[in-house]
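A short write-up of the structure that comes next.
The numbers here are math on the coordinates, done by the rules we state, and not lab data. Predicted model only: the values in this text are computed from it and were never measured. Ideal geometry is used to build each Cβ from the backbone, glycine not excepted, and the neighbour counts take in all protein chains shown.
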Amino acid sequence: MRRPFLASPLLAILLGTVVGRGQTAAPAGARPDRLFAEDEVPRIVLTLAPEAVAQLRAQPREWVVCEIGEAGKPPLKSCHVKLKGSAGSFRPIDDPRPGFSLRTDKELKKQEFRGLAKFQLNNCAQDGTMLLETLAGDIARRAGVPASRCTHAHVTLNGRSLGIYVLKEGFNKEFLSYFFKDTKGHLYDGGFVSEINPGMELDRGPKENQAPLAELIAACREPDLAARARRLEAILDIDAYLRHFALETVFCHWDGYSFNRNNYRIYHDPSTGKFHFILHGMDQTFGDPRWYVFRRPSGLVGDAVWSLPGIQERYRQRFMELNARVLRANDWAREAERLAKSLQIRVKTASPGDAEQFPGRGQHAGNLIRNRLEQVNAQLEDAARLSRPGGSANLAKYAWAPSNGDKGNVNQAEVGGKPSLRIAANVDNGGDHRLGLALAPGRYRLSGMAQTKDVKAAEGKGPGLRLRVSGQADGAKVAILAGTTSWRSLTHEFTAAEPETTLVVELRAESGEAFVELKSLTLTRLP
């Protein structure tokens, strides 16, 4: 059995204790220890009456009565089930693999399935490895950031085998007790691509006294930055939010709160009077290893926090601490491979086909995690080099964001075997690739090898290909390429003064196309 949690994640952080996937030691009472300890894969049998199946066909988000059983054991009666999943993962009840949300205690208040009163069965429609949410949750809890535990289960519905699912614990009092001493506060569901707002769905807590939520919203909208800082410090655990945001960034969790206002819960802790964010929906993580580690968050809270004086340096410190204590201190790629091998053995009897696939799934998940964490460390090393005059960083490892990408004129392509940023002039006269970086104040040089083909500059259409910095007056200092040229060096020197500097590779012209070789793009700190 894996090592248990400590009672307090904060205590675990302070003591540097290894926090595993197992169970916390407190509070006392019935706990689902064995379920998450990799001892077995439960075989869950769901039984629904024909009228319940018909109701799920018509209203898949409404609870219906079901039985939850296991082979050889009496079923739990008067349980409830509904279908889960959003745009990418939802499957109807007659699909080979619908996803389920389950409750055992809606009618019988103390009834539990292996210590759980609320849990989900995820169909992994968007995670072919069937491992990413489990591993991301392990990393999050190791960092003291609230996230559900996961295990795997074989699921049968009305005699029909559905195969292996990810079983994920629900957000209820049991879950909250792992992270907070007081579980009587307000727990809000962020909903589908929805911002924090006065009408948020309330999962737990009294319907009266919604003043803390109103204050969080008002504090974020406070125009005076000094006053905003005081109000946010009083209503939001800012350091906890920064750790949450750091993990969303490390995970490339584009579908979480900070980048899509989706897949999140917030909890108001009565013991401190402050809100905390809860990670959720991490089945599409580790997708792009080039994500910038110090990128800016979005959303009401992200925008408000990021504008506070000194917050970028505070975030940088939290990120470096998390990287050293959690990410670099553990071989998470090997953990993915180990977990997959364990599952291969445990699911062999229940689902032989899945058992054969788990070694490959573990290797794939391990490669995703390994590549991402290697890039995280490479970008942190770049940041250290760029903090000193003479230091430089190669920018090929970063995710340049194309504009007008849906029109096909701004993309990445190979030219003579060289991966390059490509821009073609069209009805919009071209476009650009952008990269935002958090740079220390100072002078810098952006350089790269560029090539143009039939670029025709014209009045009102643009001057040609250039490197520049967004928001800065260019004047005559910006070098420009036009016509048809062989590969040649293009440079631009600038002063960074803002917390974030956006580098731009841009083509503005009447016709033609231009290329900048990715591996040649370099940023250098000048004396």
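By how many nm would the segment from Val193 to Met320 lengthen if fully extended, with 0.36 nm per residue of separation less the alpha-carbon distance?
Once the chain is fully extended between Val193 and Met320, it gains 42.8 nm.
So for the pair Arg334, Glu493, with labels modelled 7 Å out along Cα→Cβ, what separation do we get in nm?
About 4.8 nm separates the two model spin labels.
In a Debye calculation with equal point scatterers on the alpha-carbon sites of segment 9-175 and no solvent, what is log10 I(q)/I(0) at q = 0.08 Å⁻¹?
Each listed q maps to, in turn, -0.25.
Helix 311-322 versus the longest principal axis of the chain: what angle, 0 to 90°, nearest 10, using Cα atoms?
Relative to the chain, helix 311-322 is tipped by roughly 60 degrees.
Normalising by the residue count of segment 182-327, find the relative contact order in percent from Cα pairs under 8 Å and 6+ residues apart.
Computed over segment 182-327, the figure is 27 percent.
Can you tell me, using C-alpha contacts under 8 Å and at least 6 residues apart, the relative contact order of the chain as a whole percent?
For the chain, the relative contact order is 10 percent.
What translational diffusion coefficient, in µm²/s and rounded to a whole number, does the Stokes-Einstein relation yield for segment 395-525 at 20 °C and a viscosity of 1.002 mPa s, taking the hydrodynamic radius as the Kirkwood radius over Cα pairs?
Estimated diffusion coefficient is 147 µm²/s.
Using +1 at the C-beta of Lys and Arg and -1 at the C-beta of Asp and Glu, which of Pro297, Ala214, Leu242 has the Cα lying farthest in the positive direction of the dipole of the chain?
The Cα lying farthest towards the positive end belongs to Leu242.
Please sort by residue number the GluC sites (Glu not before Pro) in segment 199-263 whose DSSP state is loop and whose Cβ has at most 13 other Cβ atoms within 10 Å.
Within segment 199-263, the qualifying GluC sites (Glu not before Pro) (loop, at most 13 other Cβ atoms within 10 Å) are Glu208.
Using a simple charge model, +1 on the beta-carbon of Lys and Arg, -1 on the beta-carbon of Asp and Glu, nothing else, what dipole does segment 311-416 show about its Cα centre, in debye to the nearest 20?
About 340 debye.
Is the shape of the chain rounded, prolate or oblate, going by the alpha carbon gyration tensor and its root eigenvalues a ≥ b ≥ c, with a/c under 1.5 for rounded and a/b larger than b/c for prolate?
Prolate is the answer for the chain, as a/c is 1.5 or above and a/b outweighs b/c.
At 0.692 mPa s and 37 °C, plugging the Kirkwood radius over alpha-carbon pairs of segment 252-311 into Stokes-Einstein gives what diffusion coefficient in µm²/s? Don't jump to the answer; show the numbers that get you there.
Working: Rh = 13.0 Å.
Translational diffusion coefficient: 253 µm²/s.
Can you tell me which lysines have their Cα less than 24 Å from the Cα of Lys118? Leave out same-chain residues fewer than eight positions away.
Straight-distance partners of Lys118: Lys73, Lys77, Lys82, Lys84, Lys106, Lys109, Lys110, Lys168, Lys173, Lys181, Lys184, Lys207.
May I have the extent of the alpha carbons of segment 94-219 along their three principal axes, as whole Å values ordered from largest to smallest?
The principal-axis extents, from largest down, are 49, 34, 29 Å.
Please identify which residues in segment 486-510 have an amide N closer than 19 Å to a label point set 7 Å out from the Cα of Leu225, following the Cα→Cβ vector.
Under cut-off, by backbone N: 496-502.
Can you tell me which aspartates and glutamates have their Cα less than 15 Å from the Cα of Lys341? Leave out same-chain residues fewer than eight positions away.
Excluding near neighbours in sequence, the set is Glu38, Asp39, Glu40, Asp354, Glu356.
Can you count the Lys pairs in segment 383-464 whose Cα atoms are under 23 Å apart, with each pair 8 or more apart or on different chains?
Details: Lys397/Lys418; Lys407/Lys418; Lys407/Lys453; Lys407/Lys456; Lys407/Lys461; Lys418/Lys453; Lys453/Lys461.
Summing the qualifying lysine pairs gives 7.
What is the helix-to-structure angle for 352-386, meaning the angle in degrees between its Cα long axis and the longest Cα principal axis of the chain, kept from 0 to 90 and rounded to the nearest 10?
In the chain, helix 352-386 runs at an angle near 40 degrees to the longest axis.
Please compute the length gained on full extension between Lys207 and Trp254, using 0.36 nm multiplied by the number of residues separating them and subtracting their Cα-Cα distance. Before the final figure, lay out the partial values.
On the way: separation 47, 0.36 × 47 = 16.92 nm, distance 3.13 nm.
Gain in length upon complete extension: 13.8 nm.
Once you charge only the Cβ atoms, +1 for Lys and Arg and -1 for Asp and Glu, what is the size of the charge dipole of the chain about its Cα centre, to the nearest 20 debye?
Once rounded to the nearest 20, the dipole reads 900 debye.
For segment 252-386, list log₁₀ I(q)/I(0) at each q in 0.13, 0.17, 0.19, 0.21 Å⁻¹, using the Debye formula over Cα point scatterers of equal strength and ignoring solvent, two decimals each.
Reported log10 I(q)/I(0), two decimals: -0.74, -1.09, -1.23, -1.35.
Under a point-charge model restricted to the Cβ atoms of Lys and Arg (+1) and Asp and Glu (-1), what is the dipole moment magnitude of segment 182-327 relative to its Cα centre, in debye to the nearest 20? Write out the running numbers ahead of the final one.
Details: 18 positive and 20 negative charges, 70 e Å.
That gives segment 182-327 a dipole magnitude of about 340 debye.
Looking at the square roots a ≥ b ≥ c of the eigenvalues of the Cα gyration tensor of segment 152-301, which shape do they give, rounded for a/c under 1.5, prolate if a/b is larger than b/c, or oblate?
oblate
Determine the relative contact order of segment 395-525: mean sequence separation of Cα pairs under 8 Å and six or more apart, normalised by residue count, in whole percent.
Once divided by the residue count of segment 395-525, the mean separation gives 38 percent.
What ranking of Arg445, Arg160 emerges when the number of other C-beta atoms within 10 Å of each C-beta is taken as an exposure proxy, fewest first?
Arg160, Arg445
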